[in-house]
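Beneath this line is the structure, given in structure tokens, with notes to follow.
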Amino acid sequence: MYQKLPLAFSSTKLRTFTTERSDRPAREIAAMADYHFVYKDLEGASTQWDDIQRKLGNLPEKPPPFKPPPFGPSPDPDSLPKDKSWVDGKTPEELEDLEDDPDLDDDRFLEEYRKKRLAEMREAAKVIRYGSVIPISGSDFVREVSQAPPEVWVVVILYKDGIAECGVLMNCLEELAVKYPATKFVKIISTDCIPNYPDRNVPTILVYNNGAVKANYVGLHSFGRRCTPEGVALVLCQSDPVLNDGQSKGDASRQAVIDGVRKKFIEKVVAEHEDDDDGSSSD
């Protein structure tokens, strides 16, 4: 009934036949996947059934179709209108090059404004700029302070290392020196400037102009209960234009400092009140 197969057939052919049968479903699934497509409608398209479901509130509103932004050529810099802001954006070298610009010949206002702006830039470049608190010794005092140019105001701080009040005022002066680079700030150890100067009087501020002392402030309390850069600036500019940012001179510089300090004070008060309101609301 049954025929005995040779050993060679049972060990090789039979194994190959079994393997082919077991791999067949996997190959058929892979072949089906190759012919499986996912159909997707155009973006923003909708069916009648979806529209009915949206009217019933079962589906969210259909998003608006995508619209690319309108295309427009980039503006030509030469075609832009020439006004004061256009002149203000030029460097001194560019303003000099505009001297031969034929377009400005027909615009007397712009030509005059260009000349004025160029003169302001040249004048600002002549201003001596410091921008930090310069350390000096007793032997440097006459050269650095008394013999400073007559248009330069000099703020001298007498201090001693290890005294906390000196550190507080020094921090304020360092910030003001950066903000008002046309004013000269120097620091000197008190006893190097004045022998046997008592430590109870430091920090002391001396204000010089044209070789003469214009004001002096002894002790940290001279600058208010809370010594801040804004408070020091107000005290220094009470009667004289001590602080100068290099952009203005005389009383205009003094008024600019006062207006700027007042604005800063208002901003600080508003910010503190907002912080207090946020803290109370969180409680």
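Tabulated data
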quantity	calculated
The range 133-269, dipole about Cα centre (Lys/Arg Cβ +1, Asp/Glu Cβ -1), debye to the nearest 20	320 debye
Relative contact order of the range 133-269, defined on C-alpha pairs under 8 angstrom at six or more residues apart (%)	27 percent
Residue pairs, from the table LYS187/LYS214; LYS187/LYS268; LYS184/LYS263; LYS160/LYS187; LYS184/LYS268, whose Cα atoms sit over 21 Å apart	LYS187/LYS268; LYS184/LYS263; LYS184/LYS268
Accessible area, probe 1.4 Å, largest first, for residues LYS67, LYS116	LYS67, LYS116
Solvent-accessible area of THR91 with every protein chain in place, 1.4 Å probe, in Å² to the nearest 10	60 Å²
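The values are calculated or read from the model by the stated rules, or taken from the named source; none is laboratory data. None of the values given here were measured: they were computed from a predicted structure. Every residue, glycine among them, receives a Cβ derived from its backbone with ideal geometry; neighbour counts consider all protein chains shown. Each accessible area value is taken on the protein alone, full model and side chains, heavy atoms only, with ligands, DNA and RNA left out. Shrake-Rupley method; radii C 1.70, N 1.55, O 1.52, S 1.80 Å.
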